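*Asks:* Just dropping this structure here.
The values are calculated or read from the model by the stated rules, or taken from the named source; none is laboratory data. The model shown is predicted, which means the values in this text are computed figures rather than measured ones. All Cβ positions, glycine included, derive from the backbone under ideal geometry; neighbour counts span all protein chains shown. Ligands, DNA and RNA are stripped out before the accessible areas are found, and what is left, the full protein with its side chains, is counted by its heavy atoms. Shrake-Rupley method; radii C 1.70, N 1.55, O 1.52, S 1.80 Å.
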Amino acid sequence: MIDDEQQYPQKIRPQAFHEANALHSSFFGEPLPSSGTTTKTSPRRPQNERMCMGGHRDPIYGTAFSPDGKYLATASEDSTVRIWQVQSHKLVATLSEGMDTNYECLRVAWMKTTNENNSNSPDNGGGVEKYVLASAGADGVVQLWSAVENDEQTLEWQCVGSLKHFVDDNEERPQIYALQFIQSPSYPNMNIMLTSAHDSVYLWTIENNNDSSSESPNNAMQRKFLSMLSIQFTHLDDATQTYQFGGSRNPENELYVFDASYSESNDLLAVALSDGTCRVISVAASNVDEDENTQREQCVLSLPPGYFGDRGGHLTAVEWDSSGTRLATCIARGRVILWYLQNVGIGNSISLQPSVVSILDGGSGRQIFGAKYCCGKNEDLLLTWGIEGKVSVWDSYSVGEVMSPICTLISHTDYPIFALDVTQIGTKQSIAVGGGKEGGFLGVAAYLYDI
């Protein structure tokens, strides 16, 4: 447990300050004022800010860079996905085929593809498939999109598959909060997609639909989804140790998945739940002839519901670092918990043991929507964002309770930030943020920042 006396002000690690200083200089054209303690940045517009304007009419809930960093996909309350060229920050495509306009589009994710392995080579009369993108919404449907490069070297987008997370059209639609393509060492050479609905997470394999009648107008091959794994979560045996989400609005205390994050380094899946717990699941198949869900669950990350007094809450997001040993969980009421996970030998078995390393607390108690490790070969920084419209920079190796970030990069008081993504191609890095409120005449912009 965290020692109450371990709070800022405290010295910042030199490497963390170095990386934060580089970020600050990129955003504001000047270094941080001090190398010893935290600082607060004035709410001014960064000099490296570029707007992706003229697309969405309503708030943006999802952002994702393409694997090569050339394009940005954004998902919006206006039931569309927009594709932006990063270099020019211009809108190049709007994806809305098959979208139910009564529901928001919540998430976007790109599949890692290689031209050598795609199904649309010039040999079959079509163009070359350059990108595959998935979108997910509050209608419980995942749409799969293919971008084929034609003879004029422009991209033609087409919906090539859809996946419903419900059976009856009249039933309550599940909102899909987790969407990620994963590459598991346990299942090599397989395209696997992670999704969530209600209290469950799912893994799907994606294969070409070889039915010749399923070819799209732009010669993109249709895809089909095959169920690979589903895990339904239940409340812990001692429900008093968890948070009841929704209060009187959730009288049955139903459980919901609000985020999930996969780590290729350890083949583990971390799932953020409405009861305030994070469940860590093994993707690798179990060889033990017992209940599969029990075998897959490795550990539960949670703090007592009364630890923060009346400022506890459900988890909104979870994020692994690249090593698969560090995990950040975001609590709705303005805190981020940093965990360290290690394998510990107990007798003849090995178990995964989590420990709390730090609690990051900005002090406002306002909702945090996400966290991302970044910067330096050891990912020395953690970016957080939320309802206040701020992107804050923290030392990702913080210890104890930390009351202030190293600095604040973005402070848009009229633009709550719901999504953030980071891309690095070679030495070039870019950050994209999405959010906003109801758009006026000019709509709602996404923002790009080059580092």
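*Asks:* Could you go through region 249-258 and let me know if any residue there is surrounded by 14 or more Cβ atoms within 10 Å (Cβ to Cβ), modelled with pLDDT of 90 or more and assigned to a strand (DSSP E or B).
*Replies:* Scanning region 249-258 turns up at least one residue that is surrounded by 14 or more Cβ atoms within 10 Å (Cβ to Cβ), modelled with pLDDT of 90 or more and assigned to a strand (DSSP E or B).
*Asks:* I would also like to ask the following. Would a scan of region 371-380 turn up a residue that is farther than 28 Å from L303 by Cβ and touching a residue at least 60 places away in the same chain (Cβ under 8 Å)?
*Replies:* yes
*Asks:* Could you go through region 435-447 and let me know if any residue there is at pLDDT below 95 and hydroxyl-bearing (S, T, Y).
*Replies:* Within region 435-447 (the criterion being at pLDDT below 95 and hydroxyl-bearing (S, T, Y)), the answer is no, since none of the residues qualifies.
*Asks:* Here's a follow-up. How many residues are modelled with pLDDT under 90, of a type outside the set (S, T, N, Q) and assigned to a strand (DSSP E or B) when one looks only at region 1-59?
*Replies:* Within region 1-59, residues that are modelled with pLDDT under 90, of a type outside the set (S, T, N, Q) and assigned to a strand (DSSP E or B) number 2.
*Asks:* Looking for something over 24 Å from the mean Cα position of the chain (by Cα), in a strand (DSSP E or B) and closer than 22 Å to S76 by Cβ - is there at least one such residue anywhere in region 142-155?
*Replies:* The answer is yes; a qualifying residue exists.
*Asks:* Go through region 211-235 and give me each residue that's at pLDDT 75 or above and surrounded by fewer than 15 Cβ atoms within 10 Å (Cβ to Cβ).
*Replies:* At the first step, the residues of region 211-235 found to be at pLDDT 75 or above are 221-235.
Of everything in region 211-235, those that are at pLDDT 75 or above and surrounded by fewer than 15 Cβ atoms within 10 Å (Cβ to Cβ) turn out to be L226, S227, S230, Q232, T234.
*Asks:* Then there's this: Hey, among Q429, Q342, Q424, which residue is modelled with pLDDT under 95, buried (at least 18 other Cβ atoms within 10 Å of the Cβ) and outside any loop (DSSP other than H, G, I, E, B)? Show your work before the answer.
*Replies:* On the way: Q342 fails: buried (at least 18 other Cβ atoms within 10 Å of the Cβ); Q424 fails: buried (at least 18 other Cβ atoms within 10 Å of the Cβ).
Criteria check complete, one pass: Q429.
*Asks:* If I ask for residues that are within 13 Å of L341 (Cα to Cα) and not basic (K, R), which ones from region 270-280 would you list?
*Replies:* A270, C278, V280
*Asks:* How about region 126-140: which of its residues are over 15 Å from the mean Cα position of the chain (by Cα), among the aliphatic types (A, V, I, L, M) and under 17 Å from E207 (Cα atoms)?
*Replies:* V132
*Asks:* Tell me, yes or no, whether region 404-421 has at least one residue that is closer than 21 Å to L106 by Cα, among the charged types (D, E, K, R) and more than 17 Å from the chain's Cα centre (by Cα).
*Replies:* Taking every residue of region 404-421 in turn, at least one turns out to be closer than 21 Å to L106 by Cα, among the charged types (D, E, K, R) and more than 17 Å from the chain's Cα centre (by Cα).
*Asks:* Identify, by number, the condition in (1) modelled with pLDDT of 95 or more; (2) under 17 Å from the mean Cα position of the chain (by Cα) that A332 doesn't meet.
*Replies:* (1) is the only condition that A332 fails.
*Asks:* Step by step: first the residues of region 361-387, then only those that are in a loop (DSSP other than H, G, I, E, B) and touching a strand residue (DSSP E or B) at 6+ places or on another chain (Cβ under 8 Å), then the one that is modelled with the lowest pLDDT. Which residue is that?
*Replies:* As a first pass, look at region 361-387 and keep what is in a loop (DSSP other than H, G, I, E, B): 362-367, 375-380, 387.
Imposing the further condition that a residue be touching a strand residue (DSSP E or B) at 6+ places or on another chain (Cβ under 8 Å) reduces the set to 362, 366-367, 375, 379-380, 387.
Details: G362: 76, R366: 86, Q367: 90, C375: 93, E379: 96, D380: 96, I387: 94.
In this case the residue turns out to be G362.
*Asks:* Can you tell me which residue is most open to solvent (accessible area, probe 1.4 Å) among those in region 284-317 that are modelled with pLDDT of 85 or more and polar (S, T, N, Q)?
*Replies:* In this case the residue turns out to be Q298.
*Asks:* Does region 94-110 hold any residues that are at pLDDT below 95 and open to solvent by less than 40 Å² (accessible area, probe 1.4 Å), and which are they?
*Replies:* Scanning region 94-110 gives a single hit, M99.
*Asks:* Going by the conditions given, is V167 at pLDDT 90 or above, farther than 23 Å from Y61 by Cβ and among the β-branched types (V, I, T)?
*Replies:* no
Quick grid of which residues meet (1) touching a residue at least 60 places away in the same chain (Cβ under 8 Å); (2) within 26 Å of L269 (Cβ to Cβ):
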position	(1), (2)
S135	yes, yes
A138	no, yes
E152	no, no
Q158	yes, no
F166	no, yes
A178	yes, yes
Q183	yes, yes
P188	no, yes
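*Asks:* Okay, moving on. I'm trying to understand the selection: among the residues of region 63-116, which are under 30 Å from T427 (Cα atoms), acidic (D, E) and in contact with a His (Cβ under 7 Å, 6 or more places away or on another chain)?
*Replies:* Correct list: empty.
*Asks:* Hey, another quick one. Just one of (1) touching a residue at least 60 places away in the same chain (Cβ under 8 Å); (2) closer than 24 Å to F28 by Cα; (3) open to solvent by 30 Å² or more (accessible area, probe 1.4 Å) trips up D395, so point out which.
*Replies:* (3)
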